[in-house]
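The values are calculated or read from the model by the stated rules, or taken from the named source; none is laboratory data. Fair warning: this is a prediction, and the values are worked out from it, not measured in the lab. FYI the Cβ positions are ideal-geometry reconstructions off the backbone, even for glycines, and counts take in every protein chain you see. Ligands, DNA and RNA are excluded from the accessible area calculation, which covers all protein heavy atoms including side chains. Shrake-Rupley method; radii C 1.70, N 1.55, O 1.52, S 1.80 Å.
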Amino acid sequence: MNKNSSNTMALTPNTSNKRETVCIFGTGDFGRALGHKMLQSGYRVVFGSRSTQVSSLIPKDAEVLSHAEAAQKATIIIIAIQRQHYHFLAPLAEILLGKVLVDISNNLKINQYPESNAEYLAQLVPGAKVVKAFNTISAWALQSGTLDASRQVFVCGDDMEAKQMVMDIVRALGLTPLDQGSLLAAQEIENYPLQLFPMWKFPIFLSLGLTAFFFFYCLTLDVIYPYVYENKDFSFLIAISIPNKVCPILALILLALVYLPGVLAAIIQLYRGTKYRRFPDWLDKWMLCRKQLGLVALAFASVHVLYTLVIPIRSFVRWRISSYTVSQALNNKTEPLDTTNAWISDSYLALGILGFFLFVLLGITSLPSVSNNVNWREFRFVQSKLGYLTLILCTAHTLVYGGKWFLNPSSYKWYLPHAYMLSLIVPCTVLVVKFVLIFPCLDKPLTQIRQGWERNPKYSE
């Protein structure tokens, strides 16, 4: 770090007000970054290392001693080494008796060992007070002053006093400690940094699968079929026309999939007559990733808008308009305005604009910075009431635009329905079932069930 930067200057403590001494076992990247941050926060730092030779990488105000000597100088010892090197701690068990050992290690894969690293450390040094912390913070985050990284530090341990001491250090470093309970939570804390967008996996894989299916479906109907039967080359449609069909289809289906699990949950609760039984695992996971599904749907809708805006400047569209104009001039005939088509065109455009506006509103309110500033009733109104209105508008937009293909025999190429017909299956199903559920004969008992009433109290266990 640049010692002349404003960030460093702001964190440099008053040397007349030093805190207690903290020992760090390990002089790797994280150990050095943590030691540097602690020195800036006013702590005395002593490193325990296999080699006591002073290195230029070690912060100049820190002391480097052997493991045994360093451990004797501090009550809190941070173990900044990997689990496979813990064996040297066993001979130090007498020196570490009663000390607070902070395990910050991570593994290479989830559940790599039967027990967590922190629990293994507690077994190896039974007389010490082991606390799990700092494993969710990177060396880069410490070096950058945590200005561009997460400030949350998960902390767990069996000894409350030891855990409180570690949480005080976390706060002193400008970070936010989150108490996760006893040392049994260490396994989950260690698995957390290894998870790669856990809530995004299902939405992304689902959207990729649906994108591939509808792309090849439209490719078959719009490019392959004309080439086989009419010997016409429409391969240029792959660039804009087909993506501009796939994107709105995906946006509508994914938006419907956001509200489908809620409808299924209501049906299950009505059938069971209680809310005190768990939903199936697949439904629980589905409901947890609804926000991500909605954001992916918004991304597809936004791309659809961009594709639509470039349609007038396409070469194919300009050629078709000029050809139509020349044809009217040669025939000395002007087609009158078809007010029916004008109404249909303006209607589906208006529905699309309104639907996209509400879609964007739903996306904005799902952001933590916005959702944290509204109460539960306001959030539910936007995400539920306005959400269903968005689904209705987007479904109507598709119905008005693609309705002409339902009764047109020429649209069934190779006996396959138009892609827009397939896109309406899920949203129409959701809207129909939701409409049935708002009938008083179903809505009233469902409301009672969600307030705690049970048809059969035996499930209240």
Accessible-area composition of the chain, carbon plus sulfur, in percent [1.4 Å probe]: 61
To the nearest 10 degrees, how steeply does helix 387-402 sit against the main Cα axis of the chain, on a 0 to 90 scale? 40
Calculate, for M421 and A172, the FRET efficiency according to 1/(1 + (r/R0)^6) with r their C-beta to C-beta distance and R0 56 Å; round to the nearest 0.05. 0.35
Rounded to 5, percent antiparallel among DSSP beta bridges of the stretch 37-194: 10
From the helices alone, meaning DSSP H stretches of at least four residues, give me the mean residue ellipticity at 222 nm for the chain, per-run term -39500 (n - 2.57), in deg cm²/dmol to the nearest 500. -16000 deg cm²/dmol
Would you mind putting 103-112, 39-48, 351-360, 126-135 in packing order, based on average other-beta-carbon counts within 10 Å, highest first? 126-135, 39-48, 351-360, 103-112
The chain, dipole about Cα centre (Lys/Arg Cβ +1, Asp/Glu Cβ -1), debye to the nearest 20: 700
Backbone N within the stretch 26-60 under 19 Å of label point (7 Å from Q143 Cα along the Cβ vector): 26-41, 55-60
Here FRET efficiency (C-beta to C-beta, S182 to R455, R₀ 25 Å, nearest 0.05) is 0.05
To the nearest 10 degrees, how steep is helix 440-450 against the longest Cα principal axis of the chain, on a 0 to 90 scale? 10
Roughly what % antiparallel, to the nearest 5, for the DSSP beta bridges in the chain? 10
Is there a quick way to get the dipole size of the stretch 19-194? I mean about its Cα centre, with the Cβ of Lys and Arg at +1 and of Asp and Glu at -1; what is the value in debye to the nearest 20? 400
Student exercise: in the stretch 371-460, how many lysine pairs 8 or more apart or on different chains have Cα atoms under 29 Å apart? 7
Angle in degrees between helix 201-219 and the longest Cα principal axis of the chain, rounded to the nearest 10: 30
Peptides 332-344, 441-453, 378-390 ordered by average Cβ neighbours within 10 Å, highest first: 378-390, 441-453, 332-344
Selection from N375, L386, A185 lying farthest towards where the dipole of the chain points positive, charges on Cβ: L386
Where a ≥ b ≥ c are root eigenvalues of the Cα gyration tensor, a/c under 1.5 meaning rounded, otherwise prolate if a/b exceeds b/c and oblate otherwise, the stretch 19-194 counts as rounded
Tell me, in nm to one decimal, what length is gained between S56 and H87 on full extension, where the rule is 0.36 nm per residue of separation less the Cα-Cα distance? 8.4 nm
Can you tell me the FRET efficiency between A212 and R272 if r is taken as the Cβ-Cβ distance and R0 is 41 Å, rounded to the nearest 0.05? 0.65
Multiply the residue separation of D281 and F205 by 0.36 nm, subtract the distance between their alpha-carbon atoms, and state the gained length in nm to one decimal. 25.5 nm
Counting only protein heavy atoms and rolling a 1.4 Å probe, one gets per residue an accessible area for the stretch 360-461 in Å² of 64
Pulled fully out, how much extra length does the chain show between L389 and C441, if you take 0.36 nm times their separation in residues and subtract their Cα-Cα distance? 16.4 nm
